[in-house]
1. Just to verify a result, which residue in segment 65-102, among those that are surrounded by 13 or more Cβ atoms within 10 Å (Cβ to Cβ) and among the small types (Gly, Ala, Ser), is farthest from the chain's Cα centre (by Cα)?
2. What are the pairs, 6+ residues apart or on separate chains, where a residue within segment 269-285 that is exposed (fewer than 11 other Cβ atoms within 10 Å of the Cβ) has its Cβ under 7 Å from a residue that is modelled with pLDDT of 70 or more and small (Gly, Ala, Ser)?
3. Cβ-Cβ distance below 6 Å, separation of 6 or more or different chains: which pairs start in segment 149-169 with a residue that is assigned by TED's automatic domain parsing to the domain that holds Gly193 and in a helix (DSSP H, G or I) and end on one that is buried (at least 18 other Cβ atoms within 10 Å of the Cβ) and modelled with pLDDT of 85 or more?
4. Of everything in segment 71-108, what is touching a residue at least 40 places away in the same chain (Cβ under 8 Å) and either outside the structural domain of Tyr52 (by TED's automatic domain parsing) or part of a loop (DSSP other than H, G, I, E, B) (or both)? Give them in sequence order.
5. Whether any residue in segment 149-168 is more than 25 Å from Glu127 (Cβ to Cβ) and within 19 Å of the chain's Cα centre (by Cα) is what I want to check.
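The values are calculated or read from the model by the stated rules, or taken from the named source; none is laboratory data. What you are looking at is a predicted structure, and each value in this text was computed from that prediction instead of being measured. Using ideal geometry, Cβ is built from the backbone for each residue, glycine included, and neighbour counts are taken over all protein chains shown.
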Amino acid sequence: MTRNALGRGLGALIREPEPNPAAPVEPAPSLVNRTTGAPQQVDIDLIEPSPYQPRTRFHESALAELAQSIQATGIIQPLVLRPIGSRYQLLAGERRWRAAQRAGLSRVPAVLREVSDEVALEITLVENIQREDLNPIEEARAFDRMMSEFHFTQEEVATRTGKDRATVANSVRLLKLEHSVLDLIEDGRLSAGHGRALLAVSDPKLRAALAQRAARGGLTVRQIERTASRRARAISTLPVAAVDPNTRAAIENLQHSLGTKVTIHAPKKGRPGQLVIDYYDDAQLAGIYDRLIH
């Protein structure tokens, strides 16, 4: 695999082969199919999904819509496959293949390419990333896989996928979040912006609690950013010996549960102690109220 070719984008990865002047005048049909760009009809049952596919979720409603379109007009853009023994492996077009199955097609138009495993991986990743319909976590995993398996820098990934380097960096950072938070982003219940804001929260338990609140519509990205900022300031100014370990643990548990700063003032000279819970807007107050009464 040569990086110069890969740097020219998806077209370079699946480009037409160079003419071979020594080739027979009338080659065998199977050789024609495997070395030219002419689409051919391939039995749909002989096609296998790519093991390099970054997409993990295919929305049924979108597939049903595409299947209806295929039933009406057929597959306009051929799939891209590579021969694997007597079968074929998808390089590009998995949504079309899945929708064609739902539409009841027995054969689909396809272009065959003889490529290595490494090139097959990059074709599949780049094709999906350039379509811009991966969810944020699928895209982040695709970027990460290009860096881990091809040893590309973020700049090289950005060049090959047509993205900005900062976009790649911010995307990959999302993978530092807990699996429960990643699932919320993949499900569309949290945005990538929520995820980036949550990365500023150092405590995993608090981060998970904030993620759940945000998924229920209780926190905006800006509110999470403010909470993370306040939390960082509170930690930096907390006197180490101000409270005993048990009280400090209780404060930490309350802050984790409520997603905001909690302060305990001990009773003094006949005056009652105080439990102070910070909130900054009505939405946050409503969220705290819900947690306290349930």
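1. Ser69
2. Gly273/Ala266
3. Note: no pairs meet the criteria.
4. If the condition is that a residue be touching a residue at least 40 places away in the same chain (Cβ under 8 Å) and either outside the structural domain of Tyr52 (by TED's automatic domain parsing) or part of a loop (DSSP other than H, G, I, E, B) (or both), then Ser86, Leu105, Ser106 are the ones that fit.
5. Checked segment 149-168: no residue is more than 25 Å from Glu127 (Cβ to Cβ) and within 19 Å of the chain's Cα centre (by Cα).
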